Amino acid sequence: MLNCLSSCIKKFTSFVSPFHFAIINYYLCGVIFILKTLVFIFLLLSSVHADSSDNIADVCSQLKLIPASKAIVQWERVFSSDARKKRYHIDQLSPEVQLLLKAYLIDHAADSSQPMVPGL
């Protein structure tokens with residue numbers, strides 16, 4: 001296996017001039033750097049998303065909202081009017097937190113694919 005690999009490398013280096021080999025190496029280093037950067041950004045954003053979902057769960061517990069207590073349509077109806085938001089004290093939250101809370105409650109509603117049931 002190593003003999004085959006070394007013979008392929010010898011053929012490649014004999015075919016490509018040292019100048020072109022250096023250029024190829026330069027571009028490969030750039031591609032590797034970009035891939036490492038993208039992986040780092042992905043890991044960073046996934047950790048931020050995990051923190052925000054934990055915070056939204058805390059907001060739900062503070063407001064005494066149980067996601068599985070309503071169906072998806074019912075949670076959409078709660079967020080559709082200001083009077084319903086006021087009843088659940090959702091109107092006191094910022095618009096960004098309201099959007100995150102709505103997404104969390106709908107994702108974990110009683111008829112969703114991942115219901116959030118107390119005790120499970």
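The values are calculated or read from the model by the stated rules, or taken from the named source; none is laboratory data. Just so you know, these numbers come straight off a predicted model, no measurement behind them. Here the Cβ is made from the backbone with ideal geometry for all residues, glycine too, and neighbour counts use every protein chain on show.
Within the range 85-114, restricting attention to residues that are within 22 Å of the chain's Cα centre (by Cα) and among the acidic types (D, E), which residue is surrounded by the fewest Cβ atoms within 10 Å (Cβ to Cβ)?
Restricting attention to the range 85-114, the residues satisfying the condition of being within 22 Å of the chain's Cα centre (by Cα) are 94-109, 112-114.
Narrowing the set further to residues that are among the acidic types (D, E) leaves 96, 107.
Values: E96: 9, D107: 17.
Taking the candidates together, the pick is E96.
List pairs: first residue in the range 63-78 and in contact (Cβ under 8 Å) with a residue 24 or more places away in the chain and assigned to a loop (DSSP other than H, G, I, E, B), second residue among the small types (G, A, S) and surrounded by 14 or more Cβ atoms within 10 Å (Cβ to Cβ) anywhere in the structure, Cβ distance under 9 angstrom, at least six positions apart or on different chains.
If the second residue must be among the small types (G, A, S) and surrounded by 14 or more Cβ atoms within 10 Å (Cβ to Cβ), the pairs left are K70/A109; K70/A110; A71/A109; A71/A110; A71/S112.
Taking only pairs six or more apart or across chains, which ones have beta-carbon atoms under 9 Å, a first residue in the range 19-35 that is in a helix (DSSP H, G or I), and a second residue that is modelled with pLDDT under 80?
From residues that are in a helix (DSSP H, G or I), the pairs are F21/F12; F21/T13; I24/V16.
Inside the range 56-84, can you point out the residues that are closer than 13 Å to L100 by Cα and loosely packed, with under 13 Cβ neighbours inside 10 Å?
Once the filter is applied, which keeps residues that are closer than 13 Å to L100 by Cα and loosely packed, with under 13 Cβ neighbours inside 10 Å, the range 56-84 yields only D58.
Identify all residues within the range 81-91 that are in a loop (DSSP other than H, G, I, E, B) and either closer than 18 Å to H108 by Cα or touching a Pro at 6+ places or on another chain (Cβ under 7 Å) (or both); write none if there are none.
Selection gives Y88 alone.
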